[in-house]
Amino acid sequence: MGQKNGLVYQWAKKGTRPRKPKDQRYASCYIFGAVCPARVLGAALVMSYADTEAMQKHLDEISKNICTKAHAVILMDGAGWHKAGDLVIPPYSPELNPVENIWQFLRQAYLSNRVFEDYNKIVDACSTAWKNLTIEPGRITSIASRKWAVNGQ
């Protein structure tokens, strides 16, 4: 997430052309996040970098949020920091990863059509967007539920 956000549709009076800000700078940050639609729970970290160390911190954060004796399924894409040594990871399949829809929602609802003053404002906006997502009743479930991921299906 960062200053090079995309532009999304917005409501406007018929016949008007609303202005949309577009930044030409490149500062950005990364949201490492995971969701549990069944428990309506999300765990995330906003980081200034994306590498193996950041991924480990993210996995540690997920571990803190898993119930005792519960299992978590973590789907990962082909990002370099998701791979370690000879680890075999399936091909990139964003349609299988419910959190990809979370990123799209955060961009559309909170982070697009904006210009951020500096890096700290990007981090603040990402943190606020995540907090807003997690406090809205049922939002995570509505975005990230997958029938095939429910126990017993």
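The values are calculated or read from the model by the stated rules, or taken from the named source; none is laboratory data. This one's a predicted model, so the numbers in the text were calculated from it and none came from an experiment. As a convention, Cβ positions derive from the backbone with ideal geometry for all residues, glycine included, and neighbour counts pool all protein chains shown.
All but one of (1) assigned to a helix (DSSP H, G or I); (2) farther than 21 Å from Gln56 by Cα; (3) modelled with pLDDT under 85 hold for Glu100; which doesn't?
Status for Glu100: all satisfied but (2).
Just give me the residues in region 52-71 being in a loop (DSSP other than H, G, I, E, B) and surrounded by 13 or more Cβ atoms within 10 Å (Cβ to Cβ), in sequence order.
Asn65, Ile66
For region 13-32, what are the residues that are under 18 Å from Asn120 (Cα atoms) and of a type in the set (Val, Ile, Thr)?
Ile31
Name the residues in region 110-128 that are over 13 Å from Cys29 (Cα atoms) and either of a type in the set (A, V, I, L, M) or under 13 Å from the mean Cα position of the chain (by Cα) (or both), would you?
Looking only at region 110-128, we keep the residues that are over 13 Å from Cys29 (Cα atoms), and these are 110, 112-115, 117, 128.
Hits for region 110-128 are Tyr110, Val115, Thr128.
List pairs: first in region 100-123 and farther than 21 Å from Ile135 by Cβ and of a type outside the set (Lys, Arg), second at pLDDT below 90 and part of a helix (DSSP H, G or I), Cβ under 8 Å, 6+ apart or cross-chain?
Glu100/Pro94
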